[in-house]
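K.L.:
Below you'll find the structure I mean.
The values are calculated or read from the model by the stated rules, or taken from the named source; none is laboratory data. Predicted model only: the values in this text are computed from it and were never measured. So basically every Cβ, Gly included, is an ideal-geometry build from the backbone, and we count neighbours across all protein chains shown.
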Amino acid sequence: MERMFRNAVRYALIGAIACAAACGHKKAPVLAPTAAPAETAAPPAAPAATPAPSRVEAPTPVTPAIKEEAVTATSLDDLNRNSPLKPVFFALDSSEISPEGKAVLDEDAAVLKQNASWVVTVEGHCDERGTAEYNLALGDRRANAAVTYLRSLGIGADRMKTVSYGKEFPFDPGHDESAWSKNRRAHFVITAK
């Protein structure tokens, strides 16, 4: 369903650009190739910093000063490819947000407050260990923990949705702690702006 929504948004944007180009007698912009849908084997966008195997490190700080006109002119695919919203990483078998995770969410909240029209989907992800059922439940708890924290910072619940992918879409396909620490995350996808 998420893929259908993304494809519908993508086609609507392409149609709108084509109509604007035809009506305005301007040349239609050349669109860059879009990223593969999340449901394919292609991994999601890389986190800004690679977490250390023994503990989770906070990604590089985000500067929340994003100009509204630049955001408006950017497609959702481009915006998500270069997302100002950073993922939150979790410890093994945990949905508790670490102090580093809270710092990342504080920065994400500042970006969301500055871009009050954005709607996001918070994806919960796990590493490959554990059963599919366990990891789906854990991914759900991780996504909801991130949403709960953002709500405590004043971000409206109507602007956030959650989905759990469990272990189905790893960022790093490796089979060691280095890869697993990157896969235990709550990842943000901007679905409307």
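K.L.:
Filter the stretch 120-151 down to the residues that are out of contact with any helix residue (DSSP H, G or I) (no Cβ under 9 Å at 6 or more places or on another chain) and of a type in the set (Ser, Thr, Tyr), then identify the one that is nearest to residue 108 (Cα to Cα).
P.N.:
Among them, the one singled out is 148.
K.L.:
Residues in the stretch 113-155 that are assigned to a helix (DSSP H, G or I) and among the hydroxyl-bearing types (Ser, Thr, Tyr): how many?
P.N.:
So the answer is 4.
K.L.:
Would you mention how many residues in the stretch 156-172 are in contact with a strand residue (DSSP E or B) (Cβ under 9 Å, 6 or more places away or on another chain), assigned to a loop (DSSP other than H, G, I, E, B) and within 14 Å of residue 87 (Cβ to Cβ)?
P.N.:
Total satisfying the criteria: 3.
K.L.:
Confirm whether residue 137 is over 14 Å from residue 85 (Cβ atoms) and either assigned by TED's automatic domain parsing to the domain that holds residue 77 or more than 17 Å from the chain's Cα centre (by Cα) (or both).
P.N.:
yes
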